[in-house]
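The structure appears below as structure tokens.
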Amino acid sequence: MQHISIRQIPENSSSDLEPLYRDYLVEMIGNKEGDITAHLRTLSKYWAIESHWPYWIYSGGAVAGFCLVRFYPGENGTHDIEQFFVSQKYRRQGIGATTLKQVLQLHPGDWLVRVLKTNETGLLFWRRAIETCIGDEYACRFEQDEGFEMHFFRFCTDRPGTLQPVKSYR
């Protein structure tokens, strides 16, 4: 397996994120140009707000995706993976679970991961990735988020021994 790492995206590289973010949006919402343009405008908050952290995901030195972390609005101190994307050619190699573990190590504490109710592939991925990193010490239930019914995975990583060694889950 290639070496997998994450690095914070510097503000002067924010425009490099847009094409990959566009790919993510097309996959999630289809090719709706108005919606995509509106979402692209929201990226600037990741360099304007201290409680937002944008990361590149690298595999073997090449950009394989991105992970956008923030504190979830209205829940003081709860980390949230707002957006997460691994490019198609890098999927099913354990990159997602390894990335999740690295992000959790950088930001210990309370976490949530939200998955659209209709995103069955995403639900399977996140359940496996979370279990790979922390075992079965999480809760998952339906909650509303900005008018969408979503699966909310909630867990905490600040207890010693919480994070498990990451193994391939293919």
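The values are calculated or read from the model by the stated rules, or taken from the named source; none is laboratory data. None of these values were measured; they are calculated from a predicted model. A quick note on method: Cβ atoms are made from the backbone with ideal geometry, for glycine too, and the neighbour counts reach across all protein chains shown. Surface accessibility is based on the protein's heavy atoms, side chains included, excluding ligands, DNA and RNA. Shrake-Rupley method; radii C 1.70, N 1.55, O 1.52, S 1.80 Å.
Please verify whether Glu82 is part of a strand (DSSP E or B) and open to solvent by 30 Å² or more (accessible area, probe 1.4 Å), treating the condition exactly as stated.
Yes: the conditions hold for Glu82.
Of a type in the set (Val, Ile, Thr), more than 12 Å from the chain's Cα centre (by Cα), open to solvent by less than 20 Å² (accessible area, probe 1.4 Å) and modelled with pLDDT under 95: is that true of Ile134 in this structure?
yes
Among the residues in segment 67-76, are any of a type in the set (Asp, Glu) and modelled with pLDDT of 90 or more?
no
Is it the case that some residue within segment 123-133 is within 22 Å of Glu11 (Cα to Cα) and among the β-branched types (Val, Ile, Thr)?
Within segment 123-133, not a single residue is within 22 Å of Glu11 (Cα to Cα) and among the β-branched types (Val, Ile, Thr).
In this structure, is Gly94 crowded, with 16+ Cβ neighbours inside 10 Å and on the phi > 0 side of the Ramachandran plot?
The answer is yes for Gly94.
When you look at Leu124, is it assigned to a helix (DSSP H, G or I), modelled with pLDDT of 90 or more and not hydroxyl-bearing (Ser, Thr, Tyr), yes or no?
In short, yes.
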